[in-house]
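The values are calculated or read from the model by the stated rules, or taken from the named source; none is laboratory data. Values in this document were obtained by computation on a predicted structure and should not be read as measured data. Every residue, glycine among them, receives a Cβ derived from its backbone with ideal geometry; neighbour counts consider all protein chains shown.
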């Protein structure tokens, strides 16, 4: 699907963008608090505070910090292009002002603010440094992640959470809402009822083989099946009975829920995980179920899956992508710069011509030429160097963070937590009241059958070599017989 | 509300099941799992006295083991198992998928290695994670030494800006540890176990040699804080030992699997030798 035709939802926004939105909103909230505090102090106690400029300060903070931060912060994480542009511009201004402040006052600058009976010492220099660093981070993040923060032109963005959730539900591992369902199969239960059911439900039964409920995971014995249906002993929903009466391969006490799509063996809900289905018109379901062995890529006859590839290659490609982003930004800058040069040329040329006509023209001409050289060479060079330095500083940090993430992923793999059975996912979602996260399918894109296992490996090469060897042998034999024949 | 009027839930995913056929299998509207009809007999369609074990993917009849044909179908590049009954029409409809070689499945079964593979994965994995954490700690520690202690002035710069050489050498160490980590997880996959084990040994030797060289190059014996070097050495030795034991195990078990597969190939006349004989 082309990117511009893709429908984005509010849940597609990257975590970093959400963080920026919250950061800006928190700046706005702190600014609002400062404005109110300043006004209160001026009105109640000390109207001459800040050399009589207290009201001006309050107004400046409100107009310059509170309003833009709250408005931009509210919209910037909604995947809106204009808000992202506004954020970048605002961050550049904020960075410039805080940088200027630091240059003038230094990092050791502080204010002593009266608060009731005590005095607060505020390290304003440090605050300015923090604002400066935060704005640098925001600019870098938005520029480097432009593609993620701003959807392509014409792409539809669903910002309504309810609608977005519904759209996502089409892809989640279970069609059930993250709450327990009542006995009619449709009504969502209250928290109290859910808790009562989860507290009393049992996952084993002494009455022989049982069926695990897909709603509450309670185990109801098979003896209660009537007309191939079963009413859950705990939540009361009516469950259909799966196609065959075969016990789970790993748990003889449970009836198998269905078969593993890869190996075809029967498993209960504790032994299956849900995966995105293959893209094939022959596959009818919206999900497929895979057992642990196949999920971990250990089923030999038709190996299709593996969950043991941690994204180290992505780590390097991400680091590489940062450099290409820098070069893309630089190219964009050069393009814009070239466009602006058309107008910029006019001034130095006019200057040059006017200077050339006057007296002492050789010095003036040299000056004008130097100015032109600065405009043509120095500015793009400085911009390129700044971008490169930025990239060199930020990439090691990203690389290091990436390695930490890779280590965490590896620990998860070792502790086998990446296999999530459908029953544990269900109960987790009910307890946390969160729809389970959609995970990328771990099904390998490249597959092989058992025949390819042997044949395709080296047979073609060996066959070719064998034919060549036999040809060589027959040629040699012919040569020998010819030489031998000449002797007679 | 009577149970008949209630929504019937899929026992697999919880989706709704619409009962269209009372004596045939119905499909879940969400995951398409087959669900028995209310009046459906649970026995095999062809053998009324035998409990069914599968459902035909084509006609949806219940079938027993004797009537089952398993095939491997390629669904958009992913190989999945499908089942059909012995009816001609069902065989014809499943013809696009290849029959599963049951004999091969038996000969190539490697369930015997599950326990040892679990052990090997954990040993090599934990060892590699320790090595990775050790490398991550090492780079931070070296940067701390370089920029925040007087020892930094004694560290070699290689003619570069102070600290650049430290970063370059440490990042190479980190990459080596990342490769070690990635490889250590591959020992769990049957077909990669032997090569991963061998590769791990080589990578481990490289990592150890590189580490010793870095320690000597930066003259870490002279570091004022003795705890730094002690922690590094302890973590390194512990990680190395685990990875080494795991690698040996992977090579041993992987080789046994290789022999098993070679035997299976010979028995099924699928080996390169037998193919060349046919030539």
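The single residue among A:38, A:42, A:23, A:59 that is modelled with pLDDT of 85 or more and touching a helix residue (DSSP H, G or I) at 6+ places or on another chain (Cβ under 8 Å) turns out to be A:23.
Only a single item in (1) at pLDDT 90 or above; (2) not in a loop (DSSP other than H, G, I, E, B) is not met by residue A:274, and it is number (1). Restricting attention to the stretch A:220-241, the residues that are free of Cβ contacts under 8 Å to residues at least 12 places away in the same chain and assigned to a loop (DSSP other than H, G, I, E, B) add up to 1.
Taking the criterion of being over 30 Å from residue B:187 (Cα atoms) and assigned to a helix (DSSP H, G or I), would at least one residue in the stretch B:57-66 satisfy it? Yes; the residues of the stretch B:57-66 include at least one that is over 30 Å from residue B:187 (Cα atoms) and assigned to a helix (DSSP H, G or I).
Those residues that are more than 7 Å from every other protein chain (Cβ to nearest Cβ) and buried (at least 20 other Cβ atoms within 10 Å of the Cβ), I need them from the stretch B:28-50; list them, please. Scanning the stretch B:28-50 gives B:28, B:44. Screening the candidates B:209, B:264, B:235, B:250 for the property of being within 14 Å of another protein chain (Cβ to nearest Cβ) and either under 24 Å from residue A:396 (Cβ atoms) or out of contact with any helix residue (DSSP H, G or I) (no Cβ under 8 Å at 6 or more places or on another chain) (or both) yields one hit, B:235.
The C-beta contact set for the stretch A:39-58 (first residue on the phi > 0 side of the Ramachandran plot, second residue in a helix (DSSP H, G or I) and at pLDDT 75 or above, distance under 8 angstrom, 6+ apart or interchain) comprises A:50/A:57. Within the stretch A:212-219, identify whether any single residue is within 11 Å of chain B (Cβ to nearest Cβ) and free of Cβ contacts under 8 Å to residues at least 24 places away in the same chain, and answer yes or no. No; the residues of the stretch A:212-219 include none that is within 11 Å of chain B (Cβ to nearest Cβ) and free of Cβ contacts under 8 Å to residues at least 24 places away in the same chain. For the stretch B:73-119, how many residues meet the condition of being more than 10 Å from every other protein chain (Cβ to nearest Cβ), touching a helix residue (DSSP H, G or I) at 6+ places or on another chain (Cβ under 8 Å) and not in a helix (DSSP H, G or I)? Total meeting the criteria: 3. Quick check on residue B:185: is it within 19 Å of residue A:413 (Cβ to Cβ) and crowded, with 19+ Cβ neighbours inside 10 Å? Yes; evaluated as a whole, the condition is true for this residue.
A quick yes/no check of all residues on (1) part of a loop (DSSP other than H, G, I, E, B); (2) surrounded by 15 or more Cβ atoms within 10 Å (Cβ to Cβ); (3) within 14 Å of another protein chain (Cβ to nearest Cβ); (4) at negative phi:
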{"position": "B:130", "(1), (2), (3), (4)": "no, yes, yes, yes"}
{"position": "B:136", "(1), (2), (3), (4)": "no, yes, yes, yes"}
{"position": "B:145", "(1), (2), (3), (4)": "no, yes, no, yes"}
{"position": "B:156", "(1), (2), (3), (4)": "yes, no, no, yes"}
{"position": "B:160", "(1), (2), (3), (4)": "yes, no, yes, yes"}
{"position": "B:196", "(1), (2), (3), (4)": "no, yes, yes, yes"}
{"position": "B:201", "(1), (2), (3), (4)": "no, yes, no, yes"}
{"position": "B:224", "(1), (2), (3), (4)": "yes, no, no, yes"}
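Can residue B:206 be described as in contact (Cβ under 8 Å) with a residue 24 or more places away in the chain, farther than 18 Å from residue B:122 by Cα and not in a loop (DSSP other than H, G, I, E, B)? Yes: the conditions hold for residue B:206.
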